[in-house]
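Here is the structure we will look at, set down as C-alpha cells.
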Amino acid sequence: MNAPIRYTLLATAPHTHRFLSRCTVAEPAADGQCFVLPAWIPGSYLIREFAKNVIAFTACDGDGAPVAVTKTGKDGWRCAPCRGPLSVELEVHALDLSVRTAWLDTTRAYANGTALFPRLPDRADAPCELEVVLPQGETYAGWRVATGLTALATDARGAGLYAAADYDELVDCPIEIGDWQHARFTACGVPHEIVIAGRCTVDLDRLARDLERVCSAQIRLFGEPAPFERYLFLVMAVGDGYGGLEHRNSTSLLCARDDLPQPGAAELTDGYRTFLGLCSHEYFHAWNVKRIRPAAFTPYDYQRENYTRLLWAFEGITSYYDDLMLRRSGLIDEAAWLQLLGETATRVWRGPGRHRQSVAESSFDAWTKFYRPDADTPNAVVSYYAKGALVALALDLTLRRLSRGTRSLDDLMRALWQRYGRPGLGVPEDGIESLAAELAGQPLADFFAACVHGTGDLPLAELLAGHGLVFRLRPAEGATDKGGRAGSGTGGRVDAGLRTTLAGEELRVAHVLDGGPAQAAGLAAGDVLVALDGLRVQPRGFERQLGRYAPGARVELLGFRRDELMRFPLELAAAPADTVWITPDPQADAEALQRRQAWLGETGVSPG
C-alpha cells in the first residue's frame, strides 16, 4: 500500500492574504518528483489557471537541504532527484471571494484544494492526509475548522489531521475556517451541519427545519440510504452575492445576508426562497454530477477541458428539481412554483441565442462561451442551466404522457443512480437518451433531436395543457419584469432592441439584440447614449423616455463611440411577447388535475 501523501495547510499569517501549502512525499520518484496544480475545479467549467496565484514554490529533502526546482509548464514543477522525504511548499495568494478558489484575511479563511494542493500525476490514487494549522493569537481564538474530510486527530477547534482516500477526495472537500455560526439537523438518519460565515443575523432553527424537509425529500427520491455519512452546508453571507459549488458531502454557498431567514420573521421572502432553491440545487448535485457523472469526467483531468454534451442534464435537470423539491417538501405552494417556472422560461424566451445554439452545443462550449460572456452572448448562447431545466420539464411530462403516468423523470434519475452511481462508471454521451427510451418503451430520438440537439422552442404549452396548466406569453412591462406573473394589461410598450447598463453616470449599451431596431441602426455594445430626439438621455430614466413613443415611431439616438459622436436613426418596434407566465386552467378536467397532483407531489403541508 502506498504511504499517504501528507499535505499541510497553514493559515498562520492572515494579514498577508497568503496561504502556505506543503506537500510531503515519503519516497519521491527516483528521476525527480513532478507536481502539478489543477487548472480548474469540477463543477465550474472554466480553465481558471490556479497556478497564477502561486508566489513561490520551494523544496527541501529529508535533511532540510534545498532541492532544485524546475518549472515544467504554466502549472507544473519538477524537483531534482533527492533522498526522501521530499517536502515542497507553495506560497499562494488567496483573496478571491467566491466558492471556487481561496480566501484568507483577518476575519476568515476558506480553501478549495484545487487552488492550493499540488497533485502528483504518478500517484493520483494514493491516500492523502491533511494537517490544518490555525493562526495564533487572541484575534483568532474563536476560529474553528469545518470540512467534509474525515478527522483523524483534531482538537476541539478542528485543527489537526484529516484523511482522504485519494487526491480526488482531498480537493472535493472545501475548508471553512473562522468564527462562524453553526446548526445541526438530521435527514433520513444522516447528520447534517450548517456553517455560516460573515456578519449576519439568521434564524438557525428555522433554516435547519426547512433544509431538513428539502434534504429528506431528495434522499427519498433517490432512495435510502444517502450516499454520504454526513453532509455540510458551508455558507458565506455578504452584502450582495449569489453562487454555489457542489461537492461529494458538502457544498459551498455565497448569499446575500438579507436572503437568510431573520429571527422573528415568519414569511417566506423572495430572497429566502432563492436561498433555499440554491441549497436544494447544490444538494441534488450530491447525486447528479458528483456520483452520476458524464463518462468525460471519469476520471477528472484537472489540467485541461473535459468536454461533454451532457451538462444540460447534469445542470439543467438539477435546476428543474431544485425548486420542484421546494414544492414537494411543502415549503412553497403551487402558485409560487409556477411563478418560478415562468421566470425560468422567461429567461430562455428572451434570449435570441436559443435559436442559434442547442443545449447540447452549449454544454460542449461551456469552457469557451458560457463562462466567458461577452457583448454578443445573448445572441449566440443559450443557458444549459435555464433551457436545460425546461428540457427536463419537457422530458418529465413526455415520459408521463407516453407511460400513462407510470414513468417519469423521477424514475429516470433513480435508474441513472442505480446504473451509474458507482465510482468509475460514467454516463456515456447517449446514455440518458437510451435509458429514457428504455423507460418510455419506445424510441425518443425525435424528442432528443428537437429539444436537446435542436434550436426550436420547446412544446411546453402542449405538455403543460395535459396537466391542467396554461402557458402564456406577453410583452415585458419594464426592465425589472422577470415574468412568472400576469401583466397589468396596459400594453403598448416599445422595444429598441438593446440592453443597457449604468457605468457611473453614463448609460452604456451592454447588448444589441439580433434583428432589433438598434442593430439595424448600427448601435454597438459600449456606445454611450447621450440624447434621444434632442433631449438628454436620463441614465436612470431612459426606459421612461422611450415609453413616450408608440411602436413604429422614428427617433434619433445620439451616442459616443469612443470619443466620436454618432447619430443613430431607429424605428421603434412593439415589445415582443417574450415574458412567460403559467396558470392553472379553470376548465381542466379531473384527470388533468390528478396528473398534476401526482407530478408536483402535493404533501398537504402548508408552506411556511
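Before moving on, here are some points about what is shown:
- Loop-located trypsin sites (Lys or Arg not before Pro) across segment 177-233 with a Cβ neighbour count of 15 or fewer within 10 Å are Arg199, Arg230, with loop assigned by DSSP.
- Length available on full extension from Gln519 to Lys52: 0.36 nm per residue minus the Cα-Cα distance, which gives 164.2 nm.
- Here the simple spin-label model places points 7 Å from the Cα toward Cβ, and for Glu138 and Ala598 these points are separated by 6.8 nm.
- Using the alpha carbons alone, the radius of gyration of segment 295-463 stands to its Kirkwood radius in an Rg to Rh ratio of 0.96.
- Along the chain, longest interval not containing exposed GluC sites (Glu not before Pro), exposed being DSSP loop plus at most 10 other Cβ atoms within 10 Å: 1-266
- Rough spin-label spacing in nm, given labels placed 7 Å along Cα→Cβ, for Arg419 and Ala486: 4.4 nm
- Ellipsoid equivalent to the chain - semi-axes via the Cα gyration tensor, in Å: 44, 31, 24
- Hits among lysines - C-alpha to C-alpha of Lys482 under 21 Å, sequence gap 8 or more where chains match: Lys387
- The label point for Asp589 and the one for Asp63, both projected 7 Å from the Cα toward the Cβ, are 9.0 nm apart.
- Under 16 Å from Lys71, Cα to Cα: lysines that are on another chain or at least 8 residues apart: Lys52
- Percent RCO, i.e. relative contact order, over segment 5-178, from Cα pairs under 8 Å lying at least 6 residues apart: 26 percent
- If R0 is 51 Å, the Cβ-Cβ spacing of Lys71 and Val530 corresponds to a FRET efficiency of close to 0.50.
- Paramagnetic reach from Thr406 in segment 415-459 [backbone N under 16 Å; point 7 Å along Cα→Cβ]: 437-443
Values in this text are rule-based calculations from the coordinates and carry no lab data. Computed from a prediction, not measured in an experiment: that's the story for all the values here. Don't worry about glycine lacking a Cβ; one is built from the backbone with ideal geometry, like all the others, and counts go over all protein chains shown.
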